[in-house]
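The values are calculated or read from the model by the stated rules, or taken from the named source; none is laboratory data. Being a predicted model, the structure only gives us computed values, none of them experimental. Neighbour counts run over all protein chains shown; Cβ positions are idealised from the backbone, glycine included.
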Amino acid sequence: MQYSIVNWKDHEPTSLRLDAEYYRPIFLQTERQIKSKEWDYLENLSESIKSFGAYSLCNQFEYIEKGIPFLRCKDIKSGRIDFSDVLYISHDANKLLCKSEVKPKTVLFTMSGTVGNSAIATEEIKYPINSNQDIAKIVTNRQLNPYYFSVFLQSSYGEKQVSRLPVGSVQQHVFLWQLEKLIVPNEDAANKWLQTQTKEAVSCCR
């Protein structure tokens, strides 16, 4: 049987949950490993973390056969944006939903349904693009490379953090304030750690 003894003061709450699942040893170990190196909260490494959040606006436009891609959570898969089944909106609808327009180098994160899928809007994609209220749009600042952050979210360290976040028994959801409290390792520190691990692995194989 596994159990965890937790000092509440040592853990910044990123969820409303107090159940044992949230404090599984593997989750606490991941947190300790990240915090053993240089790190910071996502809120300090971002220019903005937002979703337009106005569900009522969706009633003011209709989808069209061709136009501006309108992303839903199902379109964010395995670190990429899948346009194969995307919906489209008009330019007028895109103006109405200006707060949810996706810009290049924005990291997208699904907050509802299949929670925690992420991808980066690469510079090669054709714009404009818009997205619904269940996708968080994360614009990093100069301290955090968006491509590095996108890869981090898909790593075991990122995935274990994200798996702790969802709340709700039927329709699970993640809130923006929870994303703000994600702990992100410094890119240089992470690279040095990776280089060390690689050298050790190579040495063991000799």
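Looking only at region 91-110, decide whether some residue is within 15 Å of the chain's Cα centre (by Cα) and either at pLDDT below 95 or among the polar types (S, T, N, Q) (or both).
yes
Kindly indicate whether any position in region 142-153 is under 25 Å from Gln29 (Cβ atoms), in contact (Cβ under 8 Å) with a residue 40 or more places away in the chain and assigned to a strand (DSSP E or B).
no
Quick check: is even one residue across region 31-39 assigned to a helix (DSSP H, G or I), among the β-branched types (Val, Ile, Thr), surrounded by 15 or more Cβ atoms within 10 Å (Cβ to Cβ) and modelled with pLDDT of 90 or more?
Checking region 31-39: at least one residue is assigned to a helix (DSSP H, G or I), among the β-branched types (Val, Ile, Thr), surrounded by 15 or more Cβ atoms within 10 Å (Cβ to Cβ) and modelled with pLDDT of 90 or more.
So the check is Cβ under 8 Å with 6+ separation or different chains; which pairs have a first residue in region 56-67 that's part of a loop (DSSP other than H, G, I, E, B) and a second one that's aromatic (Phe, Trp, Tyr) and surrounded by 13 or more Cβ atoms within 10 Å (Cβ to Cβ)?
Cβ pairs passing all conditions: Tyr63/Phe70; Tyr63/Tyr88; Glu65/Tyr88; Lys66/Tyr88; Gly67/Tyr88.
Just the residues that are of a type in the set (Ser, Thr, Tyr) and either surrounded by fewer than 21 Cβ atoms within 10 Å (Cβ to Cβ) or more than 18 Å from Ile68 (Cβ to Cβ) (or both), please, taken from region 107-141.
Thr110, Ser112, Thr114, Ser118, Thr122, Tyr127, Thr140
If a residue has to be assigned to a strand (DSSP E or B) and over 15 Å from the mean Cα position of the chain (by Cα) to count, how many in region 111-127 make the cut?
Of the residues in that region, 0 qualify.
Could you grab the pairs with beta carbons closer than 6 Å, sequence gap of 6+ or different chains, first residue in region 123-136 and touching a residue at least 40 places away in the same chain (Cβ under 8 Å) and acidic (Asp, Glu), second one surrounded by 15 or more Cβ atoms within 10 Å (Cβ to Cβ) and assigned to a loop (DSSP other than H, G, I, E, B)?
Close Cβ pairs (under 6 Å, with a partner that is surrounded by 15 or more Cβ atoms within 10 Å (Cβ to Cβ) and assigned to a loop (DSSP other than H, G, I, E, B)) amount to Asp134/Met111.
Can you tell me which residues in region 83-110 are in a strand (DSSP E or B), over 24 Å from Gln172 (Cα atoms) and in contact (Cβ under 8 Å) with a residue 40 or more places away in the chain?
Ile89 - this is the single residue of region 83-110 that is in a strand (DSSP E or B), over 24 Å from Gln172 (Cα atoms) and in contact (Cβ under 8 Å) with a residue 40 or more places away in the chain.
What are the residue pairs meeting all of these: first residue in region 162-182, first residue in a helix (DSSP H, G or I), second residue modelled with pLDDT of 95 or more and surrounded by fewer than 18 Cβ atoms within 10 Å (Cβ to Cβ), Cβ atoms under 9 Å, and 6 or more apart or on different chains?
Trp177/Glu43; Leu179/Glu43; Glu180/Tyr41; Glu180/Glu43; Glu180/Asn44
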